[in-house]
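Bear in mind that the values in this text are calculations on the coordinates, not laboratory data. Keep in mind it's a predicted model, so treat the numbers as computed, not measured. So basically every Cβ, Gly included, is an ideal-geometry build from the backbone, and we count neighbours across all protein chains shown.
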Amino acid sequence: MPDPNIVVEKDAETLAATVAERLDEAIDEALRTRKEAHVVLTGGSMGEAVMKAWAARRSEHDWFNVNLWWGDERYVAADDDDRNDKQAADAGLTKLPVPSENIHRMPADDGTDVEDAAAEYAARLAEYAQSNTDGLSETPPVPTFDVVMLGMGADGHVASLFPQHPAQNSRGVVVAVEDSPKPPPTRLTLTFDALQNSREVWLVVAGEEKAEAIAAAPRKRDPWNLPVSNVHGVMGTTYFLDTAAAAQIDH
Ligand code: 6PG
């Protein structure tokens with residue numbers, strides 16, 4: 001397991017701007033070489049900060065061929081402020097000229113059973129799987145993502161994959177999470193298999209409370225106790241950190 005690349009910026013705002021710039025570079029490369037781009041967005045405060053910085057760049061892309069997904073979502077009503085997709089919209093997603101059909105929101109709680117909602121998103125991912133395989137053997141039925149962006153909790157959770165949570169044992173590419181230790185309690189999340197079907201995996205982490213978990217991540221794969229240790233890109237993994245989160249990492 002190759003060590004991650006480490007990028008450190010002085011604070012969360014500067015970090016978000018750097019990630020937004022690198023995201024445009026990754027999308028340019030994907031569109032140039034594969035004529036389509038698939039990016040997985042993250043929730044949380046860094047997800048919002050990156051979206052704000054990215055929208056402010058007003059980048060020029062062939063947006064028609066850019067697809068945006070989510071790594072996880074809170075299973076609440078569509079207009080609930082807790083929704084990751086609503087927080088992204090409020091942070092600037094609506095300013096990006098991505099066709100609405102390319103913004104693949106996870107289902108909201110409309111009374112549908114959360115397991116059925118997970119299956120619905122898995123089916124959507126599968127529709128795009130064949131359009132973007134490039135010889136990666138044994139890939140799960142999801143697009144080969146170009147970038148999966150992930151925030152991380154102080155406990156080392158990524159998306160809604162929490163330490164010692166039974167949802168980690170569910171099979172498939174999208175699973176329901178009940179009794180999440182981070183509210184709200186019911187969520188949908190991509191699994192490790194889906195999150196790792198990506199050329200690049202980026203951890204975007206700020207704050208001193210995250211320093212211990214992100215420093216432990218590269219030492220040993222231990223998904224049950226430290227989910228962040230179990231997400232790596234096929235081509236590379238980069239930790240984008242502010243100085244506080246990088247305090248225990250040589251960089
Ligand atoms: C969520 C997020 C979650 C988040 C981390 C870090 O839906 O809550 O996807 O995985 O990224 O908890 O959140 P912060 O960046 O706000 O600390």
(request) Hey, can you grab everything whose amide H is under 5 Å from the amide H of Val174? Only 5+ residues off in sequence or another chain; H modelled, so Pro and N-termini drop out. (result) Thr191
(request) Rank the residues His251, His157 as a footprinting-exposure proxy: fewest other Cβ atoms within 10 Å of their Cβ go first. (result) His251, His157
(request) Please report, largest first and rounded to whole Å, the three semi-axes of the ellipsoid equivalent to the chain, where each semi-axis is the square root of five times an eigenvalue of the C-alpha gyration tensor. (result) 23, 22, 19
(message) I'd like the Karplus ³J(HN,Hα) series for region 13-22: coefficients 6.51, -1.76, 1.60, θ = phi - 60°, whole numbers in Hz, and an x wherever there's a Gly or Pro.
(response) 5, 5, 4, 4, 5, 5, 5, 4, 5, 5
(message) Restricting to DSSP H runs of at least four residues, report the calculated mean residue ellipticity at 222 nm for the chain, -39500 (n - 2.57) per run over all residues, nearest 500 deg cm²/dmol.
(response) -8500 deg cm²/dmol
(request) For region 26-32, just list the computed ³J(HN,Hα) in residue order, Karplus coefficients 6.51, -1.76 and 1.60, θ = phi - 60°, integers in Hz, with x standing in for Gly and Pro. (result) 5, 5, 4, 5, 5, 5, 5
(message) How compact is region 157-224 by the rule of thumb for globular proteins, expressed as Cα Rg over 2.2 N^0.38 Å?
(response) 1.15
(message) At a threshold of 8 angstrom on Cα-Cα distance, excluding pairs fewer than six apart, so keeping six or more, what relative contact order does region 98-251 reach in percent?
(response) 22 percent
(request) Please get the size of the charge dipole for region 148-223, origin at its Cα centre, with Cβ charges of +1 on Lys and Arg and -1 on Asp and Glu, quoted in debye to the nearest 20. (result) 240 debye
(message) Shape verdict for region 1-125, please, from the Cα gyration tensor: rounded (a/c under 1.5), prolate (a/b greater than b/c) or oblate.
(response) prolate
(request) Using the Karplus curve 6.51 cos²θ - 1.76 cosθ + 1.60 with θ = phi - 60°, work out ³J(HN,Hα) for each residue of region 63-70 in order, rounded to whole Hz, and write x for Gly and Pro. (result) 4, 4, 10, 9, 10, 10, 10, 10
(message) Highest mean first, how do 86-92, 99-105 rank when packing is the count of other Cβ atoms within 10 Å averaged over residues?
(response) 86-92, 99-105
(message) Given the options His104, Gly92, Val76, identify the residue whose Cα lies farthest towards the positive end of the charge dipole of region 51-118 (+1 on Cβ of Lys, Arg; -1 on Cβ of Asp, Glu).
(response) Gly92
(message) Give the lysines whose C-alpha is closer than 23 Å to that of Lys210, dropping any in the same chain fewer than 8 places away, or say none.
(response) Lys10, Lys52, Lys182, Lys220
(request) Identify all aspartates and glutamates with a Cα-Cα distance to Lys95 below 13 Å; exclude those on the same chain that are fewer than 8 residues away in sequence. (result) Glu60
(message) With the alpha-carbon atoms as the only input, what is the per residue convex hull volume for region 112-251 in Å³?
(response) 104 Å³
(message) Using the Kirkwood radius over C-alpha pairs as Rh, can you work out the diffusion coefficient of region 68-195 via Stokes-Einstein at 25 °C, viscosity 0.890 mPa s, in µm² per second?
(response) 162 µm²/s
